[in-house]
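Notes follow once the structure below has been shown.
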Amino acid sequence: MTTTRQAIKLTDQGARILLDAAIEHAHNMGVPQCIAIVDEGCNLVAFFRMTGSRVLSIQSAQRKAMTAASTGKPTGGLDPSIDLKLALATNGDMVNIKGGAPIVVDGQVIGGIGVGSGTGEQDLEVANAALARFMSAQRS
């Protein structure tokens, strides 16, 4: 019987790589964003609100990150008919809105990134660009 397991943890340096890459990509797109990064327990590790981003996106970016970390899947892919049930069941902590992605290393979900203030596709593009930079740094 195995009673413990090794766990990979997101560091502050890793969160900074994600945050910097997301900010750079959003800036290059010309779309100001709110960017949230959480650890595997959905605890906020890093957050940045770009000038011109929407105030409501502060919360939605965090919820997207939490949802991605909790489910291990990108957000926005569930049947829209469950949106209200999902929100009610999780006290609003989980959302079915595009723009969140899990941070996965060696098959382990170590956190999530959530981006908000653009279209769902723009938000997801920024999240994926940040993840690509993070994974590149992992290999270095």
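Readers should treat all values here as calculations from the given coordinates under stated rules, not as data from a laboratory. No experiment lies behind these values; they were computed from the predicted model shown. Every residue, glycine as well, gets a Cβ built from its backbone with ideal geometry; the counts of neighbours run over all protein chains shown.
General remarks:
- Residue among Gly114, Leu56, Thr2 farthest towards the positive dipole end of the chain, charges placed on Cβ: Thr2
- Note on Leu78 and Arg54: the model spin-label points, each 7 Å out from Cα along the C-beta direction, lie 2.0 nm apart.
- Inter-part distance, region 113-140 to region 72-104, computed on C-alpha centroids, equals 17 Å.
- Each peptide among 5-16, 49-60 gets the average number of other Cβ atoms lying within 10 Å of its residues, and from highest to lowest they stand as 49-60, 5-16.
- Contact order relative to length of region 12-139, as percent, for alpha carbon pairs under 8 angstrom and 6 or more apart: 29
- Calculated P(r) over Cα pairs in 5 Å bins from 0, in percent (choose from [x] 2, 12, 22, 24, 18, 11, 7, 2, 1, 0, 0; [y] 2, 10, 17, 20, 20, 14, 9, 5, 2, 0; [z] 2, 10, 18, 18, 15, 12, 10, 7, 5, 3, 1, 0), label: [x]
- Relative to the Cα centre, the charge distribution of the chain, modelled as +1 at Lys and Arg Cβ and -1 at Asp and Glu Cβ, gives a dipole magnitude of about 100 debye.
- From its DSSP helices (H runs of at least four residues, each -39,500 (n - 2.57)), the chain gives a residue-normalised ellipticity at 222 nm of -14000 deg cm²/dmol.
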